[in-house]
Amino acid sequence: RRRLQFLNGLFLGFEKVGGKAWVQGDEARQLGISMGNAGFQFTLDRSEHGRQSRNPEQKNTRKEKLIVSISHTDPSPGITVRWEDQDGSPLEAQITEIIVGMASAGYDLHRHWAAQQREWQRKRREEEELVAQKQREEAVRREQARLAAAEKAKIDALRNDANSWRDAANIRVYVAAV
């Protein structure tokens, strides 16, 4: 129940600043926010190490400690991607800070993605230019080979004509001598 209340507050906060939230998957475990071109996924789960309740009547129960974290592999320095309940400061009290932090992290993630796209496009252009250069070089090589073959065919034809002329001269000399 606390998880749903926190998500409701978070989603309403993002809606006020132009964000759009989405929830998918079984048990609504796939969470995300879209703001303009930027978007990111995040998780909201209980801590694996809950803290003991101080209430003596509930000695064997653990108080639920929530952690929200952005699915971001390599944040820039200074970008917070994880928030959790603190003593005296539950996530609900940190919601404004979380919204601002998530928006900053989403923008950072979008910038990283855009930089990767530019790098990928630059590499693709370089590869295309390399392929085009190789194709041009291959076309020049084929043209040179064709011209060399045509020149060789001309020379061979001239040699054949010269040999035929000598053979004809030899035959005329032989016929005149006989």
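The values are calculated or read from the model by the stated rules, or taken from the named source; none is laboratory data. Worth saying up front: this structure is predicted, and the values here are computed from it rather than measured. FYI the Cβ positions are ideal-geometry reconstructions off the backbone, even for glycines, and counts take in every protein chain you see. Note: areas computed on protein heavy atoms with side chains; ligands, DNA, RNA excluded. Shrake-Rupley method; radii C 1.70, N 1.55, O 1.52, S 1.80 Å.
Annotations for the structure displayed:
- Folded to 0 to 90 degrees: helix 95-177 orientation relative to the chain principal axis, Cα: 10
- The accessible area of residue 161, taken with all protein chains in place and a 1.4 Å probe, comes to roughly 100 Å².
- Amide H within-cut-off set for residue 32, under 5 Å, with H built and near neighbours excluded: 22, 42
- Cα centroid of segment 16-49 to Cα centroid of segment 105-119, whole Å: 18
- Between residue 174 and residue 118, the contour length at 0.36 nm per residue exceeds the Cα-Cα span by 11.9 nm.
- Candidate residues 44, 4: accessible-area rank, largest first, probe 1.4 Å: 4, 44
- Of all segments of the chain bounded by trypsin sites (Lys or Arg not before Pro) found in a DSSP loop with no more than 15 other C-beta atoms within 10 Å, the longest spans 60-178.
- Among 108, 74, 87, the order of accessible area from largest down is 87, 74, 108, computed with a 1.4 Å probe on protein heavy atoms.
- Per-residue [θ]222 nm for the chain (sum of -39500 (n - 2.57) over DSSP H runs n ≥ 4, rounded to 500): -20500 deg cm²/dmol
- Remark: accessible surface ordering of 43, 96 (largest first) is 96, 43, probe radius 1.4 Å.
- Crossing angle, helix 2-16 versus the chain [Cα axis fit, 0-90 degrees, rounded to tens]: 60
- Rounded accessible area of residue 11 (nearest 10 Å², 1.4 Å probe): 40
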